[in-house]
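The values are calculated or read from the model by the stated rules, or taken from the named source; none is laboratory data. Keep in mind that what you see is a predicted model, and the values were worked out from it rather than measured. Neighbour counts run over all protein chains shown; Cβ positions are idealised from the backbone, glycine included.
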Ligand SMILES: Cc1ncc(C[n+]2csc(CCOP(=O)(O)OP(=O)(O)O)c2C)c(N)n1
Ligand SMILES: [Mg+2]
């Protein structure tokens, strides 16, 4: 519901990120790297509330797709769905509470505009929702299913992996559910805890026959979602929920597509390749700026965008040029998608590599859930100065984790790893 | 802090006043037990229904009152702490549904087993958790019932298997617990709770089938509070007769706002299970006053009038209170005295929950696996390692 959205997005309006990166030139255990801004005490309440672990960086406005409008990420998703319903009479949208706009407001107004037979609520039954979507798609409808949170996609895992993904192959191309798109809010949000924070892309990346896509911004979200809907394969479209409101750009009003399986080089560079997707792109951009400023290291930042099938060529070309690769994602390291990239790059570019490939992840390798258990702790690990208002001093300055993990903030942490990858360069 | 102290003071002052008033009347003046006509349950695949003429003693009444009032006050305090941002993350409140938890508990034994979803604060209390432990769990402190690591949705205590976040997932677990009861021949029953929204998940039906197939002592209870998040029952269920949805499983539809109805029906259901007749289903018709979770004001999909109407006409606490007063089972002053002491308990617990320290860093990674020797866990960067023990 609307309200849930408000709850979720609160605090994600990131105008402020980590304000002070310590001058420490040494990276020993990262301990001296990050210093909390001394001014954090004097920040206003609202500033403190809005601090996140990243700063959203909009892309330059694109005009090739016609007139644009200011939209945040959830509005750009709505706009894509709106275009689809308008242009494709077979398109239907369904999911838990979507007729009222959905938890994150992505479908607001669509039922009223296109009717309740095209935008409708389902009962609470994820396995049913996806199975139903496969059936609708195989019979010719453009089926767009919403799973309320990526964390709740698992009851539908079987339908996705065994039914959707294998339909075309096992029928010798007689049947397919390529018209199916599954959307789900994804990733960390700071206070989501166990069941509202997960980044499960790697589970699905193991499964040939489906496509997995994650956008970094409103413009990319709309273009990529429209591509997923048009694509003749079942697609899972994960939407970084922390960006729903925090990310605002000028988004083309009309339909346009951004090709799948094509990585986007968001910043060119020559010394090291940084690969990420979703929210983490913004962290990487910040790291790249920092590397340039502090180390004179030039980073090439690549947004993978499509996790499956991924753009090996763009990444490898870049690594051939730079000789170094750092991949960072929110999901746990073990079995994470970085491992797949790393292994392919090792194979393709072994002789070009100047340093071991580094993976980094936002939270913990054994289990991201681990730190998400306690909303306060997960908040801490995600954000430099979140809304611990009442007892801020104790929690924030004197909190044991703060003391012992002074580098538990993300940009500096990645930066620190980057220093090891690029050490001979500076 | 100041308000806290003044509340405590006010509470003491009131209590003194109340004591003085109560002592003007001796307990011997009160009716020690009375008989009540309660609403008849609708039944499915049953020959008999639970009794409609039931007896409640004064002591039982006072106890139900106190427990329901404690749950209500605890939830209202949680609401307040949430708004002060002392409680973070997800928080689903139970106010309005108190008669369900209290009635169920009055119909089974503490040695029986219970599992529910994320709306778990009330059950944690009736199953034996203390207000302090619950509040401290809500604020994520060491003294919390799950050591401050579970939060609102994940609370556990003896014979209470949680506190589960994934809608519907707890129900097959409850059937498994029922199998254990049967296997151990301990004459215990297992109660699995789920919402009207959860009732549409496929696993619920898988659990029904297994429980009926193997005649397990399982009581499946659907707390029908009319909404699953923003979707009303009519918009999500082909049949809103939740008590019949076990098809081949006997069922009862119960007034979930009346603690006595819930108690009688639960006793009936437990007897059914203990007699070896297999599982039974109950639908408790109830209502949640708060929105779905703290982020939902709860008025975009239902009217304020609807909420007011339920509050005014079928509030479970008022219903019990009226019964007790009109049957001379208690005095207003005495109930007020209970209110005051409940309020004090809540205030003390809140005080504890806001001052108790958070779990220490060393515990952050514990309990991932069972392991004899500590396991090393990577911290937020590759250089920091944490120890994990279980
Ligand atoms: C598998 C799964 N899907 C979706 C959710 C999100 N969700 C949490 S509670 C809820 C509504 C459940 O309603 P109901 O079963 O009636 O219980 P109530 O909240 O009314 O107590 C939803 C959709 C979830 N937690 N798990
Ligand atoms: Mg409900």
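Looking only at region A:111-126, which residues are within 14 Å of chain B (Cβ to nearest Cβ) and either assigned to a helix (DSSP H, G or I) or within 16 Å of ligand 2 (Cβ to nearest atom) (or both)?
Those that are within 14 Å of chain B (Cβ to nearest Cβ) and either assigned to a helix (DSSP H, G or I) or within 16 Å of ligand 2 (Cβ to nearest atom) (or both): A:111, A:121, A:122, A:123, A:124, A:125, A:126.
I need every pair where a residue in region B:283-296 that is more than 7 Å from every other protein chain (Cβ to nearest Cβ) and closer than 12 Å to residue B:227 by Cα has its Cβ under 7 Å from the Cβ of a residue that is assigned to a strand (DSSP E or B) and within 12 Å of ligand 1 (Cβ to nearest atom), sequence separation at least 6 or different chains.
From residues that are more than 7 Å from every other protein chain (Cβ to nearest Cβ) and closer than 12 Å to residue B:227 by Cα, the pairs are B:285/B:224; B:286/B:223; B:286/B:224.
Taking residue B:135, is it away from every other protein chain (no Cβ under 12 Å), out of contact with any strand residue (DSSP E or B) (no Cβ under 9 Å at 6 or more places or on another chain), away from ligand 1 (no atom under 14 Å from the Cβ) and in a helix (DSSP H, G or I)? Please lay out each step first, then the result.
Values: away from every other protein chain (no Cβ under 12 Å): yes; out of contact with any strand residue (DSSP E or B) (no Cβ under 9 Å at 6 or more places or on another chain): yes; away from ligand 1 (no atom under 14 Å from the Cβ): yes; in a helix (DSSP H, G or I): yes.
So residue B:135 fits the description; yes.
Is it the case, given these coordinates, that residue B:329 is crowded, with 16+ Cβ neighbours inside 10 Å, away from chain A (no Cβ under 14 Å) and within 21 Å of residue B:122 (Cβ to Cβ)? Even if it seems obvious, please write down each step before you answer.
Details: crowded, with 16+ Cβ neighbours inside 10 Å: yes; away from chain A (no Cβ under 14 Å): yes; within 21 Å of residue B:122 (Cβ to Cβ): no.
Against the criterion (crowded, with 16+ Cβ neighbours inside 10 Å, away from chain A (no Cβ under 14 Å) and within 21 Å of residue B:122 (Cβ to Cβ)), residue B:329 does not qualify.
Would you confirm, using the coordinates I've provided, whether residue A:177 is away from ligand 2 (no atom under 16 Å from the Cβ) and touching a residue at least 60 places away in the same chain (Cβ under 8 Å)? Quick ask: steps written out before the conclusion?
On the way: away from ligand 2 (no atom under 16 Å from the Cβ): yes; touching a residue at least 60 places away in the same chain (Cβ under 8 Å): no.
Judged against the criteria, residue A:177 is not a match.
Exactly one condition in (1) surrounded by 19 or more Cβ atoms within 10 Å (Cβ to Cβ); (2) farther than 20 Å from residue B:199 by Cα; (3) in contact with a strand residue (DSSP E or B) (Cβ under 9 Å, 6 or more places away or on another chain) is not met by residue A:101; state its number.
That leaves (3) as the condition not met.
Restricting the search to region B:190-217, which residues are touching a strand residue (DSSP E or B) at 6+ places or on another chain (Cβ under 8 Å), away from ligand 2 (no atom under 16 Å from the Cβ) and either free of Cβ contacts under 8 Å to residues at least 60 places away in the same chain or not in a helix (DSSP H, G or I) (or both)?
B:190, B:191, B:207, B:216, B:217
Conditions (1) closer than 11 Å to residue B:115 by Cβ; (2) more than 11 Å from ligand 1 (Cβ to nearest atom), marked per residue:
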site	(1), (2)
B:169	yes, no
B:175	yes, yes
B:182	no, yes
B:189	no, yes
B:204	no, no
B:229	no, no
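Tell me whether region B:149-156 contains one or more residues that are within 16 Å of ligand 2 (Cβ to nearest atom) and within 18 Å of residue B:271 (Cα to Cα).
no
Going by the conditions given, is residue B:161 over 30 Å from residue A:194 (Cα atoms), without any contact (Cβ under 8 Å) to a residue 60 or more places away in the chain and either in the same structural domain as residue B:285 (by TED's automatic domain parsing) or within 15 Å of ligand 2 (Cβ to nearest atom) (or both)?
On the way: over 30 Å from residue A:194 (Cα atoms): no; without any contact (Cβ under 8 Å) to a residue 60 or more places away in the chain: yes; either in the same structural domain as residue B:285 (by TED's automatic domain parsing) or within 15 Å of ligand 2 (Cβ to nearest atom) (or both): yes.
The answer is no for residue B:161.
Restricting attention to region B:128-158, report how many residues are on the phi > 0 side of the Ramachandran plot and in contact with a helix residue (DSSP H, G or I) (Cβ under 9 Å, 6 or more places away or on another chain). Lay out the reasoning, then the answer.
Step one: list which residues in region B:128-158 are on the phi > 0 side of the Ramachandran plot, which gives B:128, B:140, B:147-148, B:151.
So of that shortlist, the ones also in contact with a helix residue (DSSP H, G or I) (Cβ under 9 Å, 6 or more places away or on another chain) come out as B:140, B:147-148, B:151.
Result for region B:128-158: 4.
Of the conditions (1) at pLDDT below 95; (2) farther than 25 Å from residue A:101 by Cα, residue A:187 clears all except one; give me its number.
Answer for residue A:187: the failing condition is (2).
Among the residues of region A:65-108, write down those that are under 16 Å from residue A:242 (Cβ atoms) and within 14 Å of chain B (Cβ to nearest Cβ).
Step one: list which residues in region A:65-108 are under 16 Å from residue A:242 (Cβ atoms), which gives A:72-77, A:103-106.
Result: A:103, A:104, A:105.
Conditions tested, residue by residue: (1) in contact with a helix residue (DSSP H, G or I) (Cβ under 9 Å, 6 or more places away or on another chain); (2) under 18 Å from residue A:107 (Cα atoms); (3) at pLDDT 95 or above; (4) not assigned by TED's automatic domain parsing to the domain that holds residue A:187.
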{"site": "A:208", "(1), (2), (3), (4)": "yes, no, yes, no"}
{"site": "A:211", "(1), (2), (3), (4)": "yes, no, yes, no"}
{"site": "A:221", "(1), (2), (3), (4)": "yes, yes, yes, no"}
{"site": "A:225", "(1), (2), (3), (4)": "yes, yes, yes, no"}
{"site": "A:231", "(1), (2), (3), (4)": "no, no, yes, no"}
{"site": "A:240", "(1), (2), (3), (4)": "yes, yes, yes, no"}
{"site": "A:244", "(1), (2), (3), (4)": "yes, yes, yes, no"}
{"site": "A:257", "(1), (2), (3), (4)": "yes, no, yes, yes"}
{"site": "A:271", "(1), (2), (3), (4)": "yes, no, no, yes"}
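Residue-wise test of (1) over 18 Å from residue B:193 (Cα atoms); (2) surrounded by fewer than 18 Cβ atoms within 10 Å (Cβ to Cβ).
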{"position": "B:234", "(1), (2)": "yes, yes"}
{"position": "B:237", "(1), (2)": "no, no"}
{"position": "B:241", "(1), (2)": "no, yes"}
{"position": "B:255", "(1), (2)": "no, no"}
{"position": "B:259", "(1), (2)": "no, no"}
{"position": "B:264", "(1), (2)": "no, no"}
{"position": "B:278", "(1), (2)": "no, no"}
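Could you go through region B:87-98 and let me know if any residue there is at pLDDT below 95, crowded, with 23+ Cβ neighbours inside 10 Å, more than 15 Å from ligand 1 (Cβ to nearest atom) and in a loop (DSSP other than H, G, I, E, B).
Within region B:87-98 (the criterion being at pLDDT below 95, crowded, with 23+ Cβ neighbours inside 10 Å, more than 15 Å from ligand 1 (Cβ to nearest atom) and in a loop (DSSP other than H, G, I, E, B)), the answer is yes, since at least one residue qualifies.
What single numbered condition from (1) modelled with pLDDT of 95 or more; (2) touching a strand residue (DSSP E or B) at 6+ places or on another chain (Cβ under 9 Å); (3) within 16 Å of ligand 1 (Cβ to nearest atom); (4) within 14 Å of another protein chain (Cβ to nearest Cβ) fails to hold for residue B:162?
(1)
Taking residue B:149 as the residue in question, decide whether it is within 13 Å of chain A (Cβ to nearest Cβ), out of contact with any strand residue (DSSP E or B) (no Cβ under 9 Å at 6 or more places or on another chain) and more than 16 Å from ligand 1 (Cβ to nearest atom). Spell out how you get there, then give the answer.
On the way: within 13 Å of chain A (Cβ to nearest Cβ): yes; out of contact with any strand residue (DSSP E or B) (no Cβ under 9 Å at 6 or more places or on another chain): yes; more than 16 Å from ligand 1 (Cβ to nearest atom): yes.
Spelling it out, residue B:149 is indeed within 13 Å of chain A (Cβ to nearest Cβ), out of contact with any strand residue (DSSP E or B) (no Cβ under 9 Å at 6 or more places or on another chain) and more than 16 Å from ligand 1 (Cβ to nearest atom).
State all residues of region A:127-148 that are within 11 Å of chain B (Cβ to nearest Cβ) and closer than 23 Å to residue A:80 by Cα; if no residue qualifies, say none. Steps first, answer last, please.
Filtering region A:127-148 for residues within 11 Å of chain B (Cβ to nearest Cβ) gives A:127-129, A:131, A:148.
Listed by number, the residues that qualify are A:129, A:148.
Output the residues belonging to region B:224-260 that are farther than 20 Å from residue A:100 by Cβ, within 14 Å of another protein chain (Cβ to nearest Cβ) and part of a strand (DSSP E or B).
B:224
Please give the number of the condition residue B:295 fails out of (1) modelled with pLDDT of 95 or more; (2) surrounded by 20 or more Cβ atoms within 10 Å (Cβ to Cβ).
With (1) modelled with pLDDT of 95 or more; (2) surrounded by 20 or more Cβ atoms within 10 Å (Cβ to Cβ) applied to residue B:295, the lone miss is (1).
Can you name every residue in region A:325-362 that is in contact with a helix residue (DSSP H, G or I) (Cβ under 8 Å, 6 or more places away or on another chain), assigned to a helix (DSSP H, G or I) and more than 15 Å from residue A:200 (Cα to Cα)? If you could, list the steps in order and put the result at the bottom.
Filtering region A:325-362 down to residues in contact with a helix residue (DSSP H, G or I) (Cβ under 8 Å, 6 or more places away or on another chain) leaves A:325-333, A:335-337, A:340-341, A:344-345, A:348-349, A:352-362.
Now restrict to residues that are assigned to a helix (DSSP H, G or I): A:337, A:340-341, A:344-345, A:348-349, A:352.
Matches in region A:325-362: A:341, A:344, A:345, A:348, A:349, A:352.
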